[in-house]
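Asker: A single structure is presented below for examination.
Derivation of every value follows stated rules applied to the coordinates shown; laboratory data play no part. Everything numeric here is computed off the predicted structure, so don't read it as measured data. Don't worry about glycine lacking a Cβ; one is built from the backbone with ideal geometry, like all the others, and counts go over all protein chains shown.
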């Protein structure tokens, strides 16, 4: 099990990825990738069964979302697996910090007045598609159960 710890006192303002190993009943504190310098909007997600940390701070500056994959939780090693260039598709400030993955797609949500737009990014084809939902929200994405991560 993984979650993001954002305790400013304990971690000196540096969020940590926490892990609990059910097999040996131990907690592990994992450093975030050193390339991530802004912790604004930081969220964990599952990407193909692996812990992933999107760099939202870089996204706000450049419209490029880097996805960091946890390679080894003991040595705190991360690898930049994907960089998604949104270009001028939409304003990064208006994209919700909701990152989800489903199969080979990453899902983003943007609220535009009374309309919610879900953007689906296919990491294989590197293409976007979108679904617009009109009417009052909030609109959410639901998974029936927890899922297992390989890391």
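Asker: How do 64, 84 line up, fewest other C-beta atoms within 10 Å first?
Answerer: 64, 84
Asker: Within a 10 angstrom radius of the beta carbon, how do 27, 118, 20 rank from fewest other beta carbons to most?
Answerer: Lowest to highest Cβ neighbour count: 27, 20, 118.
Asker: As a footprinting exposure proxy, order 86, 59 by other Cβ within 10 Å, with the fewest listed first.
Answerer: 86, 59
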